[in-house]
Amino acid sequence: GGDPSPQITAAGHTPVAVATPNAAALASLDALVLGGCSPVPTNADVNAAVNAGMPLIVIDWSPGGGTGAGLPGAPAVTIVSASGNDIELPAGSPIISGPGGTLNSTSLDNHNSSYHGHTTGALPAGAIALLTTADPSQATAFVYGYGSGQVAYSAMPVDASFPPNSERTGGPGMRTYLTNLVA
């Protein structure tokens with residue numbers, strides 16, 4: 001993946017590199033962005049920080065059967081590995097517009113595999129689908145609450161569009177998506 005710092009800055013935050021996501025490193029963060037994850041690298045310190053109110057953004061390149069269990073709170077969600085180039089915006093998705101710009105029905109398409117997985121079945125109670133495949137029952141990105149925090153999960157190679165890889169088709173849409181999501 002590439003560097004998400006410009007999107008974090010555009011969303012009004014200051015990027016901070018975290019080498020090891022432990023309690024000391026997480027204590028001063030407004031949020032944590034985990035990119036290019038495989039498998040989802042949460043740990044007890046990350047889970048505690050989210051439970052205490054820290055938002056977590058997970059960018060997962062390689063989802064599969066155990067992905068849901070690896071997320072904070074181990075939500076009851078099934079995420080399968082699948083790829084495709086048609087990502088849709090559900091009506092009312094909170095990431096459609098924001099400081100990164102406005103997304104439309106083609107902003108995230110044709111990104112050399114725009115998504116790498118999606119949910120099957122219901123989302124966890126209270127979760128919101130941020131993005132779907134052409135099938136509205138298959139979320140490629142969703143957000144759910146855990147304790148006092150929130151987890152935003154994307155089964156997409158979002159950070160493949162960040163510098164130095166920003167020439168990829170779909171890059172501007174992926175950068176808009178992350179900026180709006182961080183905001």
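A few comments on the model shown:
- The phi torsions of the range 70-79, fed into the Karplus equation with coefficients 6.51, -1.76 and 1.60 and a -60° offset, translate into couplings of x, 7, x, x, 6, x, 7, 9, 9, 10 Hz, rounded to whole numbers, with Gly and Pro shown as x.
- Apportionment of accessible area to carbon and sulfur, the chain, percent (1.4 Å): 51 percent
- Listed peptides 14-23, 144-153 by packing density, highest first (mean Cβ within 10 Å): 144-153, 14-23
- Between the amide H of residue 116 and those of 156, distances stay under 5 Å, these residues lying 5 or more places away or on another chain, with hydrogens modeled in the peptide plane.
- Distance in nm between pseudo-label sites at residue 105 and residue 91 (7 Å out along the Cβ direction from Cα): 1.3 nm
- The share of C-alpha pairs in the range 1-129 whose separation exceeds 22 Å stands at 44 percent.
- The chain - mean residue ellipticity at 222 nm from DSSP helices (-39,500 (n - 2.57) per run, n ≥ 4, rounded to 500): -4500 deg cm²/dmol
- Computed over the alpha carbons of the range 62-123, Rg followed by Dmax gives 13.5, 34 Å.
- If the chain linking residue 135 and residue 45 were pulled fully straight, counting 0.36 nm for each residue of separation and taking away their Cα-Cα distance, it would gain 28.9 nm.
- The length gained on full extension between residue 125 and residue 27, counted as 0.36 nm times the residue separation minus their Cα-Cα distance, comes to 32.5 nm.
The values are calculated or read from the model by the stated rules, or taken from the named source; none is laboratory data. Just so it is clear, the model here is predicted, and its values are computed rather than measured. Virtual Cβ from ideal backbone geometry, glycine too; neighbours counted across all protein chains shown. With ligands, DNA and RNA removed, areas are computed over all heavy atoms of the protein, side chains included. Shrake-Rupley method; radii C 1.70, N 1.55, O 1.52, S 1.80 Å.
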